[in-house]
1. What is the gain in length, in nm to one decimal, between Asn119 and Arg76 on full extension, counting 0.36 nm per residue of separation less the C-alpha to C-alpha distance?
2. Could you rank Phe91, Phe254 by how accessible they are, 1.4 Å probe, largest area first?
3. Tilt of helix 40-71 relative to the longest C-alpha principal axis of the chain, in degrees (0 to 90, nearest 10)?
4. On a 1.4 Å probe surface of the protein chains, which of Tyr88, Tyr110 comes out largest in accessible area, and what is the full order?
5. With labels modelled as points extended 7 Å from the Cα through the Cβ direction, what inter-label distance (nm, one decimal) is found for Asn136 paired with Phe60?
6. To the nearest Å, what is the center-to-center distance of segment 121-194 and segment 233-264, using C-alpha atoms only?
7. For the chain, find the longest principal axis of its Cα atoms and tell me its angle to the long axis of helix 126-136, 0 to 90°, nearest 10.
8. Just add up the charged neighbours of Ile173: K/R +1, D/E -1, any other residue whose Cβ is under 13 Å from the Cβ of Ile173.
Amino acid sequence: SSTVPRLQNDSWGKQYSHALFKAMSHMLCIGYGQQAPEGMTDVWLTMLSMIVGATCYAMFIGHATALIQSLDSSRRQYQEKYKQVEQYMSFHKLPGDTRQRIHEYYEHRYQGKMFDEENILGELSEPLKEEIINFNCRNLVANMPLFANADPNFVTAMLTKLRFEVFQPGDFIIREGTVGKKMYFIQHGVVSILTKGNKETKLSDGSYFGEICLLTRGRRTASVRADTYCRLYSLSVDNFNEVLEEYPMMRRAFETVAMDRLDRIGEE
């Protein structure tokens, strides 16, 4: 071509720059560049250059996509999960108000991020796991007199067995007359205890409820309704008894509160 002879007398910098430009125009534009190849050697080198360019381009796109996805994998996991939920609701033709409640539940429960918490904690050593759980439940422990004045080993034993749950306003957390399998600790929110006398007792942050049934092994003596969005920790009856077998003094503390509550229910 007319360009090459003109470059023969130029400096090596200009020659190198032109050669680099020609190679990059093959590789990055995935075409034959500024000029069509002329000789057979030129044709084969151009094809090789285009193949290498296409491969590099594909690798770059793949790595860039993986990098973007890994930047906030927990948010992506939440979005993928919620798409499945939306498709599930659509498939079952759920009414609009139910769909809205499910949407709000996911927003409050996961706050846009989803982790496999059980798997993460399961991979850690016991001291690390206990440290994380104590840190995550620090507000609950600080607001709850039962925990604030108790043996730290008892607190840790309880916290490691708690399960986080979210309830929406109007949800019945406990229904009177049912068999109790859990008790609840309130991290944040307000609940109403409803008794037969239609008298409401409010409980909020730092309180607990549902322990009467676990102590008496009977049926629920009252209903409990969420008045606001409630972030609670639940404790199953088996775990409750397992911990209290080790700490009989704490069983007496629970029994004292339970007897007081039963007396008040009986007076109504």
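The values are calculated or read from the model by the stated rules, or taken from the named source; none is laboratory data. Bear in mind the structure is a predicted one, so any value in this text is a computation, not a measurement. Neighbour counts are summed over all protein chains in view; Cβ atoms, including those assigned to glycine, are modelled from backbone coordinates with ideal geometry. Areas reflect the complete protein model, heavy atoms only, side chains present, ligands, DNA and RNA absent. Shrake-Rupley method; radii C 1.70, N 1.55, O 1.52, S 1.80 Å.
1. Using 0.36 nm per residue and subtracting the Cα-Cα distance, I get 13.7 nm.
2. So, going from the largest accessible area down, we get Phe91, Phe254.
3. 20 degrees
4. Tyr88, Tyr110
5. Spacing of the two 7 Å Cα→Cβ label points: 4.2 nm.
6. About 13 Å separates the Cα centre of segment 121-194 from the one of segment 233-264.
7. Helix 126-136 sits at roughly 80 degrees to that axis.
8. With Lys, Arg at +1 and Asp, Glu at -1, the neighbours total +2.
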